[in-house]
Amino acid sequence: QELYSALLALGHGVRRLHVSAAYRAKASVSMSRFEPSSFVNYERLQSNVDIVRKRLNRPLTLSEKIVYGHLDDPHNQEIDRGRTYLRLRPDRVAMQDATAQMAMLQFISSGLPRVAVPSTIHCDHLIEAQTGGVKDLARAKEINQEVYNFLASAGAKYGVGFWKPGSGIIHQIILENYAYPGVMLIGTDSHTPNGGGLGAICIGVGGADAVDVMAGIPWELKCPKVIGVRLTGTLSGWTSPKDIILKVAGILTVKGGTGAIVEYTGPGVDSISCTGMATICNMGAEIGATTSVFPYNHRMRTYLEKTGRAEIATLSDEYSDLLVPDEGCEYDELIELNLDELKPHINGPFTPDLAHPVADVGAVAEKNGWPLEVKVGLIGSCTNSSYEDMGRAASVAKQALDKGLKCKAQFTVTPGSEQIRATIERDGYSKILGDVGGVVMANACGPCIGQWDRQDVKKGEKNTIVTSFNRNFTARNDANPATHAFVTSPEIVTAMAIAGTLNFNPETDYLTAPNGEKFKLDPPYGDELPLKDFDPGQDTYQHPPADGGSLRVDVSPESNRLQLLEPFDKWSGGDLENLKVLIKVKGKCTTDHISAAGPWLKFRGHLDNISNNMLIGAVNSENDAINKIKNYLTGDYGGVPDVARHYKANSVYWVVVGDDNYGEGSSREHAALEPRHLGGRAIIVKSFARIHETNLKKQGLLPLTFNNPSDYDKIRPDDHITIQGLKTFAPGRPLSALVKHSDGSEETLVLNHTFNETQIEWFKAGSALNRMKELQH
């Protein structure tokens, strides 16, 4: 307690001096959310940055300062953007409940007694949106009781904080409590970069990476390139922060940010709220970026103060030079964006980089045969559920209500956290959004990740929905592949839900009131932060005991939700011979295609059960069918997991062949665990998304890329492939594939990889977790 008080006095504190008495009374337990060890040591950060800057002898970008400031060995670490692997010491770990199950199961398998860095679990993914927040939350607690009990007890035993169901979405909780300028946080969710809106380097990873950090092992990251986005001008009118990332996604595409951190700079930054910056960083995941970040400014200071962290704001002021880019720093690519000229955008359908100005989307939809009628408008999610977002949406809704109009489309509202829910209810926004036709859902991910019991259309029925979410892959939101999902700002969603059509531009088009009066909507307005303090709402946090060693974590052998892990087999020591091609995937293959979410989320803690969804969404190049591949042992066609299980039962191992940007989207490591569990040995593609490639390595698989992308066309469904060169497996040395065709012909293809020495040891041991155990003995 004495140390804790001293740290508070030094300015590392939380929710103390600058928090109103009313807020303190409601958040009296919140002090325990902030462990002293979790606060960034700005002196150490500065020292490391000084060492690296002297070594490199050049100005540093902001992201370089924070990343290199967390190097395990700043004196000797080789640093070359886009080439070398960095060994880093992140400050903390955050896990959402769907990925935390496997992460904690892996941590339990490690045999370690307690996490080495502050870590938290957030219950947000397992709550299905059906009728409304209160009933949906109660139902989720009942259905998921076994999983919630496992996560709470595992957290208590191993020193991990536990945010209960109903607390809110992981990224909003992090922004409100754990992110701050200069911190490095890794999270087991691809939208962890949300924290970049508060000047933090927050990176999405798989559970095995989280286990490394929780175990106190230096975490490896390929040294990111840095893409600069220079903003000039000012946001105004209907243009919102969301439009910045929608525009950038259109420029860079879903893979243009791969291997890079996107860093926003320029005078236009100051016209964006802190939560608006978080929105932009959040959706940076859709361009494949490692993360995104904004420089420290007065908007962040205000947000820190309003969320009870004034002392951290003061400390950030003191070290402000450390929290902005050096003058004269160089970017690998620079994009210029004039906010005075930026118009409201809407992206989709089926991919988040298909960008359209709102003014044009109606005509584009008509030309392409996309349904114009908006069936459902959905606002909220981790991307756009801030107080300002809800206020701007409510300002649009109130104008319609004042003219006697309600939404023509169905309309749902998902608050990002219990604090946001309580505050917008207190300040009247919830009532306005409800009066216009909205249904307030639970503080959870809900429809954004497919947790939506949608009843208004049948599966296969062509329809359009408009959301303020971040991702709109085929069937992601409602499991209906015919749903055309578009992503845009909450205020545009609200306007289109009122109008009931995609063919509505609120900047120029008129609505008709019940009395026949035609009127235009005024541009939206919302307070950046509440005039009063935030209302924390119900307390939903469980702090781990000081010593949980005596506590038990029970996993029933009969459970269909949870399953203790068995180690994967080690490398045999030779080439991988005569591997079958399980499936040659055609076109886009995201982690949703590889390991679907929605109803499958309930099996995230049971590897064998969830493996029944492996690649069931991928398109088979042989027949353009989904989940229909040939079993070359029987000659019959079957589902992908069924054929894989049959091969494994007969000791036949296999590869997957894929296209560009394979594994884009979510950070879910199940998309790597499932192929490994069912007998996969290698994934051979034109190119990988960053997180998925790392996840495959962690589980002992070989993620390989064709040296010549056109070699993809040479692979036939009935081929046998031998991976050669593994006895001399080394960084930078390609492997080769001896491809044997059924007609007796053969050819050899060059396969590239990005393994370093440490990652090769993972492969040889069978997985990174196996290697960790080897090193303990």
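The values are calculated or read from the model by the stated rules, or taken from the named source; none is laboratory data. The structure presented is a predicted model; accordingly, all values stated were derived computationally and were not measured. Heads up, the Cβs are rebuilt from the backbone with ideal geometry, glycines too, and the neighbour counts pull from every protein chain shown. SASA here: full protein model, heavy atoms, side chains in, ligands and nucleic acids out. Shrake-Rupley method; radii C 1.70, N 1.55, O 1.52, S 1.80 Å.
Selection among Gly404, Leu633, Thr758 by position relative to the dipole of the chain gives Leu633 as farthest towards the positive end (Cβ unit charges, Cα centre). Assuming R0 = 56 Å, can you tell me the calculated FRET efficiency for the pair Asp326 and Leu372, based on Cβ-Cβ distance, to the nearest 0.05? Efficiency computed from Cβ-Cβ geometry: 0.65.
Rounded, prolate or oblate: which one fits the range 639-743, using the alpha carbon gyration tensor with axes a ≥ b ≥ c (rounded when a/c is under 1.5, else prolate when a/b beats b/c, else oblate)?
On the way: a/c = 1.34, a/b = 1.02, b/c = 1.31.
The shape class here is rounded.
Take the alpha carbon gyration tensor of the range 576-776, find the square roots of its eigenvalues, order them as a ≥ b ≥ c, and report rounded if a/c is under 1.5; if not, report prolate when a/b exceeds b/c, else oblate. Don't jump to the answer; show the numbers that get you there.
Details: a/c = 1.42, a/b = 1.02, b/c = 1.39.
Rounded, since a/c falls under 1.5.
Please report, as a whole percent, how much of the solvent-accessible surface of the range 344-518 comes from carbon and sulfur atoms (probe radius 1.4 Å).
On the way: 2710 of 5540 Å².
Taking all protein chains in place, the range 344-518 shows 49 percent carbon and sulfur surface.
Label-to-label distance for Ala730 and Thr508 is 6.3 nm, based on points extended 7 Å past Cα in the beta-carbon direction. Sorted into 20 angstrom bins from 0, the C-alpha pair distances of the chain split as 17, 52, 28, 2, 0 percent.
Count the DSSP beta bridges whose two residues both fall in the range 311-454, then state the antiparallel fraction as a percent rounded to the nearest 5. If you can, show how the numbers build up before the last one.
Working: 4 of 12 bridges.
Taking every DSSP beta bridge with both residues in the range 311-454, the antiparallel ones total about 35 percent.
FRET efficiency for the pair Thr84 and Asn578, taken as 1/(1 + (r/R0)^6) with r the Cβ-Cβ distance and R0 = 30 Å, rounds to 0.25.
Given an 8 Å cut-off on Cα distances and at least 6 residues of separation, report the relative contact order of the range 344-518 as a percent.
Numbers: 370 pairs, mean separation 58.7, N = 175.
Rounded, it is 34 percent for the range 344-518.
Look at the dipole of the range 576-776 built from charges on Cβ: of Ala644, Ser742, Asn708, the Cα furthest out on the positive end belongs to Ala644.
How long is the gain from Lys54 to Phe568 if the chain were fully straight, where each residue apart is worth 0.36 nm and the alpha carbon distance is subtracted?
Values: separation 514, 0.36 × 514 = 185.04 nm, distance 4.41 nm.
Net length gain for the segment: 180.6 nm.
You can think of it this way: the chain between Lys714 and His741 has 8.8 nm of extra reach, that is 0.36 nm per residue less the Cα-Cα gap.
Comparing Ser292, Thr590, Ser320 along the charge dipole axis of the chain, the residue lying farthest to the positive side is Thr590, per the Cβ-charge model.
Sorted by accessible area (1.4 Å probe), largest first, how do Ser385, Ser395 line up? Numbers along the way, then the final one.
On the way: Ser385 0, Ser395 30 Å².
These residues rank, largest area first, as Ser395, Ser385.
Per-residue SASA remark: Glu566, around 150 Å² accessible (1.4 Å probe; ligands, DNA and RNA not included).
Normalised by the number of residues in the range 576-776, the mean separation of alpha-carbon contacts (under 8 Å, six or more apart) gives a relative contact order of 21 percent. Classify the range 177-277: rounded, prolate or oblate, from the alpha-carbon gyration tensor (a ≥ b ≥ c, eigenvalue square roots; a/c under 1.5 rounded; otherwise prolate if a/b is larger than b/c)? Verdict is prolate for the range 177-277. When every Cα-Cα distance of the range 343-411 is counted in 5 angstrom steps from zero, the calculated P(r) takes the values 3, 13, 16, 25, 23, 14, 5, 0 percent.
Where does the charge balance sit around Gln451 when Lys and Arg score +1, Asp and Glu -1, over other residues with C-beta under 12 Å from its C-beta? Write out the running numbers ahead of the final one.
Values: positive: Arg139, Arg454, Arg476, Lys602; negative: Asp97, Asp124, Glu128, Asp136, Asp453, Asp478.
Its environment carries a net charge of -2.
In the frame of its principal axes, the range 344-518 has Cα extents of 42, 39, 27 Å, reported largest first.
If Lys and Arg each add +1 and Asp and Glu each add -1, what is the summed charge of the other residues whose beta carbon sits under 10 Å from the beta carbon of Gly639? Please list the in-between numbers first.
On the way: positive: Lys628, Arg645; negative: Asp642.
So the surrounding residues net to +1.
Excluding ligands, DNA and RNA, the accessible surface per residue across the range 576-776 is 34 Å² with a 1.4 Å probe. Each residue was assigned an accessible area with a 1.4 Å probe, and for Asp569 the value is about 80 Å².
What's the local net charge at Lys588, with K and R +1, D and E -1, over the other residues with C-beta under 15 Å away? Provide the component values of the computation, followed by the final result.
Working: positive: Lys255, Arg471, Arg476, Lys584, Lys586, Lys686; negative: Glu286, Asp353, Asp592, Asp624, Asp659, Asp660, Glu664.
Charge balance in the 15 Å sphere: -1.
Label-point separation (nm) for Ala625 and Val439, each offset 7 Å from Cα along Cα-to-Cβ? Simple spin-label model gives 3.6 nm for this pair. Antiparallel beta bridges, as assigned by DSSP with both residues in the chain, represent about 40 percent of the total such bridges.
Computed over the chain, the per-residue total of -39500 (n - 2.57) for DSSP H runs of n ≥ 4 gives a 222 nm mean residue ellipticity of -8500 deg cm²/dmol, rounded to 500. Note on the range 462-574: with charges restricted to the Cβ of Lys and Arg (+1) and Asp and Glu (-1), its dipole about the Cα centre is near 540 debye.
To the nearest 10, the accessible area of Arg299 is 50 Å² with a 1.4 Å probe.
Just reorder Tyr331, Tyr429 by solvent-accessible area, largest first, 1.4 Å probe, all chains present. Let's see the in-between values first.
Values: Tyr331 55, Tyr429 35 Å².
Heavy-atom accessible area, descending, gives Tyr331, Tyr429.
Sequence-distant contacts, meaning Cα pairs under 8 Å at least 6 residues apart, place the relative contact order of the chain at 14 percent.
Ignoring ligands, DNA and RNA, please state the percent of accessible area on the range 576-776 from carbon and sulfur, probe 1.4 Å.
Values: 3140 of 6760 Å².
Ligands and nucleic acids excluded, carbon and sulfur reach 46 percent.
Under a 1.4 Å probe, what is the accessible area of the range 344-518 per residue, stated in Å²? I get 32 Å² per residue for this part. Highest mean first, the peptides 105-116, 709-720, 650-661 sorted by other C-beta atoms within 10 Å per residue fall in the order 650-661, 105-116, 709-720. Legend: residues Lys520, Lys65, Lys580, sorted from most to least accessible area (1.4 Å probe; ligands, DNA and RNA excluded), read Lys520, Lys580, Lys65.
How much of the DSSP bridge set in the range 576-776 is antiparallel, in percent, rounded to the nearest 5? Write down the numbers at each step before the final one.
Details: 21 of 35 bridges.
In the range 576-776, DSSP labels about 60 percent of beta bridges as antiparallel.
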